[in-house]
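Reading through the structure tokens given below for one structure.
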Amino acid sequence: MKLDVDVLKYLYKDDFRVLTAVELGMRNHEIVPTELIDRIARLKHGGTYKVLKNLLKHKLLHHDSSKYDGFRLTYLGYDFLAIKTMVNKGVFVAVGRQIGVGKESDIFEVAREDGTVLAMKLHRLGRVSFRAVKSKRDYLRHRSSYNWLYLSRLAALKEFAFMKALETHGFPVPNAVEHNRHCVVMSLVQGYPLVQVKQLQNPETVFETIIGLVVRLAERGLIHCDFNEFNIMIDDDEKITMIDFPQMVSVSHRNAQMYFDRDVECIFKFFRKRFNLSFEESLDDMDGSDEGRDGAGKPCFSAIERSAGFLDRELAASGFSRKDEEDIQRFIEGKAESDTNSDSEEVDLVEDLNEAGTIDGSYSSDLLEQNEGYESQWKEKSCEARESSGSEK
Ligand code: ADP
Ligand code: MG
């Protein structure tokens with residue numbers, strides 16, 4: 001997806017105030033009624049409609065008048081809110097080229113004020129689900145677990161929490177710098193995804209390191225669940241970094257064994273095909289390494305001893321709650337869709353709108369303030385950084 005951050009230069013205080021108002025309204029509405037946006041934004045000199053038109057022009061909002069006149073954020077709109085918050089916090093000053101596109105994320109280089117380049121991952125979890133939602137009414141009675149804003153934010157929160165904890169426990173992962181909404185900023189990994197590597201100097205060593213990581217993770221109570229050549233980065237010294245954590249599960253998950261075996265199988269298959277490794281031989285070379293392994297040299301999930309202070313338990317205290325985990329897992333495991341319409345109780349829209357308006361109103365002031373007063377700062381910094389780093393738009 002194209003991320004033209006230059007648009008930020010043309011957005012003013014009122015634009016961000018209205019954009020934030022739409023975001024707040026989306027806590028309760030898939031499409032936020034225009035009149036509610038106006039009430040939340042409370043622009044000093046009015047003119048919400050004009051601002052909405054401007055945001056629409058820049059594709060930060062989507063207009064929908066099928067049931068009533070209203071708007072929702074686009075991914076771009078949500079991106080801009082996150083990016084602006086990051087800039088306000090001084091996490092980075094400019095956005096550069098896109099370095100990765102996943103099914104459910106877009107990855108960009110970003111630059112710090114001192115020129116250091118970091119990686120910014122924008123989560124897109126729920127993109128598919130969101131389009132597929134065919135709710136008869138737009139009012140979401142409960143804070144919806146199936147809303148893409150919510151899911152993408154959860155994915156980012158989970159990724160950040162896991163990356164930090166894994167780093168603390170000495171796993172080779174990027175350094176987790178900051179997160180906001182659906183956005184995670186981390187150190188830029190030097191090197192390439194393993195999938196792009198055709199030759200290795202020491203394929204056996206690299207293979208053993210990677211399998212060793214799967215085992216060490218399980219000893220700490222975790223399974224990556226998407227451990228493959230796309231999520232393993234390798235540099236010129238054949239040093240490994242693992243990435244991409246939103247789908248990780250605890251070894252106490254009911255399908256833990258299956259996920260573990262699948263991760264192991266992926267690595268075996270890749271090394272067999274790409275580097276012609278014959279595992280029985282390479283493992284025989286390593287003294288005592290077949291302990292806890294099956295005949296083909298694959299580590300056995302049941303033989304793994306968990307060390308004290310399981311990482312998955314520590315993570316529960318990281319701000320990523322059990323409920324968050326259940327919500328994201330339900331989505332990842334594909335149940336979200338069927339649950340979407342489970343609550344079909346009819347709601348008096350007008351009454352609830354008023355109620356939502358009050359709730360949103362009380363949330364809005366602090367959040368809106370957070371976004372105020374930084375416009376000029378952003379503009380100056382982003383221009384300076386572009387000039388000095390020559391980064392792409
Ligand atoms: P997805 O969940 O969409 O698969 P990933 O986290 O795996 O997202 O990232 C997708 C791609 O972006 C990776 O394969 C890698 O090429 C690149 N990438 C991700 N994180 C970094 C990083 N910290 N440094 C460098 N490249 C990265
Ligand atoms: Mg990935």
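The values are calculated or read from the model by the stated rules, or taken from the named source; none is laboratory data. In this text the structure is predicted, and so the values were computed from the model without any measurement. Neighbour counts are summed over all protein chains in view; Cβ atoms, including those assigned to glycine, are modelled from backbone coordinates with ideal geometry.
So which residues in segment 1-41 are exposed (fewer than 15 other Cβ atoms within 10 Å of the Cβ) and modelled with pLDDT of 95 or more? GLU35, the sole residue that qualifies. When ASP244 is tested against (1) of a type in the set (D, E, K, R); (2) surrounded by 21 or more Cβ atoms within 10 Å (Cβ to Cβ); (3) more than 12 Å from ligand 2 (Cβ to nearest atom), only condition (3) is not met.
If SER342 satisfies every condition in (1) modelled with pLDDT under 65; (2) part of a helix (DSSP H, G or I) but one, which is the exception? Unmet condition: (2). Within segment 116-131, the set of residues being more than 16 Å from ligand 2 (Cβ to nearest atom) and at pLDDT 95 or above comprises THR116, VAL117, LEU118. Can VAL173 be described as assigned to a loop (DSSP other than H, G, I, E, B) and of a type in the set (A, V, I, L, M, F, W, C)? Taking the combined requirement at face value, the residue satisfies it. Tell me, yes or no, whether segment 197-214 has at least one residue that is more than 24 Å from ARG262 (Cα to Cα) and within 14 Å of ligand 1 (Cβ to nearest atom). Checking segment 197-214: not a single residue is more than 24 Å from ARG262 (Cα to Cα) and within 14 Å of ligand 1 (Cβ to nearest atom). Residues that are of a type in the set (S, T, N, Q), within 16 Å of ligand 2 (Cβ to nearest atom) and at pLDDT 90 or above occur at least once in segment 136-159.
Put simply, of ILE107, ILE99 the only residue that is touching a Lys or Arg at 6+ places or on another chain (Cβ under 8 Å) and within 16 Å of ligand 2 (Cβ to nearest atom) is ILE107.
If only residues of segment 271-295 that are in a helix (DSSP H, G or I) and at pLDDT below 70 are counted, the one that is surrounded by the most Cβ atoms within 10 Å (Cβ to Cβ) is LEU283. Taken together, the residues in segment 235-256 that are in contact with a helix residue (DSSP H, G or I) (Cβ under 8 Å, 6 or more places away or on another chain), modelled with pLDDT of 95 or more and more than 11 Å from ligand 1 (Cβ to nearest atom) amount to 2. Taking segment 96-115 on its own, how many of its residues are in a loop (DSSP other than H, G, I, E, B), within 13 Å of ligand 1 (Cβ to nearest atom) and either β-branched (Val, Ile, Thr) or in contact (Cβ under 8 Å) with a residue 40 or more places away in the chain (or both)? Total satisfying the criteria: 1. Among helices (runs of 4 or more DSSP H) lying entirely in segment 1-95, which contain 1 or more residues that are of a type in the set (Phe, Trp, Tyr)? In segment 1-95, the matching helices (runs of 4 or more DSSP H) lie at 13-25, 48-57, 75-88.
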